[in-house]
Amino acid sequence: MSGTEKTKAHAEQAKGKAKEAMGRMTGNERMTADGHADQAKGNAGQAKEDVKDTFRHR
């Protein structure tokens, strides 16, 4: 289960980076902000899974 969640977090981060880059290229500030938000969501998911892994391996 944890591997699936990590994959989702990585996908969210990649989606956010792509959206941010597209927003910068087109000058669309809202898309850039949405990209930042998606990256933050992915980072939070990754951090959550890392914490779960830390406690699982103790």
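Across the range 11-58, Cα-Cα distances exceeding 11 Å account for 62% of all pairs. Atom-type composition of the exposed protein surface of the chain places 57 percent of the accessible area on carbon and sulfur (1.4 angstrom probe). Number of Lys-Lys pairs in the chain with C-alpha atoms under 22 Å apart and a separation of 8 or more places or on different chains: 17.
The values are calculated or read from the model by the stated rules, or taken from the named source; none is laboratory data. Treat the numbers as computed from the prediction; the structure is a model and nothing was measured. Ligands, DNA and RNA are excluded from the accessible area calculation, which covers all protein heavy atoms including side chains. Shrake-Rupley method; radii C 1.70, N 1.55, O 1.52, S 1.80 Å.
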